[in-house]
Amino acid sequence: MTPVTPDTLLHAFLIFCRVGACLMLMPGFSSPRVPVRLRLFIAAGATLALSPFVLPAFASFVEPNPAALLSIVVSETMTGAMIGLMARMFFLALQFIGTAMATATGLGQLPGMPIDEAEASTPFVTLITLTATTLMFVTNQHAEVIRALAGSYSRIAPGTTLDAQGGLIQIADRASETFYLALRIGSPFMVYAVVVNLAIGLMNKLTPQIPVYFISLPFVIAGGLFLLYFSGPEALRLFITAFSAWLLNG
């Protein structure tokens with residue numbers, strides 16, 4: 001059993017700085033639908049659960065002076081925020097491509113409600129992002145997030161100054177990978193939009209007396225919904241597989 005000493009409380013607070021900053025940006029946990037007090041309890045509970053496993057990493061930790069302690073608190077907070085931001089990039093990329101997919105299928109102008117985010121988005125985008133968030137919890141990826149936080153102490157020792165250049169390189173690489181993943185998910189809809197709009201443009205040129213665009217809009221929407229029906233499960237499987245692979249190896 002770990003004795004509770006002033007040093008133990010200080011180390012637990014530093015663990016809370018990294019865990020709390022990560023969960024503050026982590027998808028699902030950071031949703032505005034989760035009360036702030038509940039988020040605080042989740043971060044505190046995760047800190048207490050990780051403390052027995054992470055405290056040995058503080059064995060060589062030298063108690064700093066107040067000025068150095070403030071620097072360490074900022075460094076630990078930025079480290080946790082960087083981990084949470086890289087995880088959030090997956091969902092930001094999915095939200096981005098979901099907006100493009102909604103526009104390609106003629107559903108981009110529908111009004112929506114702020115369900116999983118603070119800002120309202122179209123029902124098409126909300127369906128995709130909310131399903132992806134649900135899959136994260138159903139497949140126990142939220143537990144892998146906690147495990148990844150515990151593993152981060154073996155790579156970034158407590159009290160280590162955050163390498164800003166290395167962090168920016170990692171964020172840039174993660175942004176590139178996530179938006180490439182989003183392009184793979186939305187590629188059927190991009191091809192569909194090009195083919196459908198080309199066909200509608202040709203019909204409009206052949207029959208200028210008929211408002212082809214307004215007549216074809218319901219068929220474009222129906223085709224987009226059929227495409228979502230057939231490609232949606234595979235797209236979400238691809239997304240959650242990439243997300244879990246990053247948590248495992250990232």
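Here is what passes the span test in the chain: the DSSP H helices with alpha carbon length of 30 Å or more along the helix axis and a Kyte-Doolittle mean of -0.5 or above are 66-104, 164-206, 212-249.
Treating r as the C-beta distance of residue 160 and residue 49 and R0 as 25 Å, the FRET efficiency rounds to 0.65.
Placing +1 on each Lys and Arg Cβ and -1 on each Asp and Glu Cβ, with no other charges, gives the stretch 100-221 a dipole about its Cα centre of roughly 300 debye.
Among 37, 147, 18, which one shows the highest mean-square fluctuation when the chain is modelled as a Gaussian network with alpha-carbon springs under 10 Å? Of 37, 147, 18, the Gaussian network model singles out 37 as fluctuating most.
Here are a few candidate values for mean projected area of the Cα convex hull in nm²: [x] 16.0; [y] 13.4; [z] 19.6. Which one was actually calculated from the structure I just gave you? Here mean projected area of the Cα convex hull in nm² agrees with entry [x].
Net charge in the neighbourhood of residue 145 (other residues with Cβ under 13 Å of its Cβ; Lys, Arg +1, Asp, Glu -1) is +2.
A short reminder: the numbers here are calculations on the coordinates, not readings from a lab. Keep in mind that this is a model prediction, so the values were computed, not measured. Neighbour counts are summed over all protein chains in view; Cβ atoms, including those assigned to glycine, are modelled from backbone coordinates with ideal geometry.
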